[in-house]
Amino acid sequence: MTWREHNMTKWIVALTALTAIVTSHPSHAICNIKQNESGEVAVLTKKYPRASTRTYKMKGVKYTPLRSANGFVEEGKASWYGRPFHGRKTANGETYNMFRYTAAHPTLPIPSCVKVTNLQNGKSVIVRVNDRGPFRSDLGTDTSDRIIDLSLKAAVALDFRKQGVTDVKIEVMPTEILH
């Protein structure tokens, strides 16, 4: 085997190993679900930054983030946010990625895992709250009836990307943080 062939073989082995690692840990697995004696539990396998729990004011409205959201359930409208926010910082300092299962909520603890069910079609997805919102739009859109903003990926999974807004039920999952 020549030096060139030997180097090529090393590269092929390295790329194969890297591909195996990347595909065995899917990028969408932010809140993994496991079953325990009390039911389903969301597991955060990475330590994510927390956001402030101090009361804040946005567009003239005061919000007080919850310190605990055990048993939190809410129904209302969901919208999604995408390209204009992609790459910007979220409330906890992460970079927003519209291709991940994430969400913005005005008061839920960050991070927390939430099961979102589209009440129009019954589809559900688990997202990780890492941002604050939805807030009144500067574009003249009334968002006062919206309870959660979802990433593009979550909107596609719930099948409401084209319509932009849908009726949802959100349920906070009990969460374990493993790190």
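What the phi angles of segment 159-166 give under the Karplus curve with 6.51, -1.76 and 1.60, with θ = phi - 60°, is a coupling list of 6, 9, 4, 5, 6, x, 9, 8 Hz, glycine and proline written as x. Dipole check for segment 32-177: with +1 at the C-beta of Lys and Arg, -1 at the C-beta of Asp and Glu, and the Cα centre as origin, the magnitude is about 600 Debye. Which entries of 46/169; 57/77; 57/123; 47/162; 34/77 show an alpha-carbon separation above 31 angstrom in the structure shown? As for pairs spanning more than 31 Å Cα to Cα, those are 57/123; 47/162.
Every read-out reported here was derived from the displayed coordinates using simple, explicitly stated rules and does not represent laboratory data. Quantities reported herein were computed from a predicted structural model and do not represent experimental measurements. Don't worry about glycine lacking a Cβ; one is built from the backbone with ideal geometry, like all the others, and counts go over all protein chains shown.
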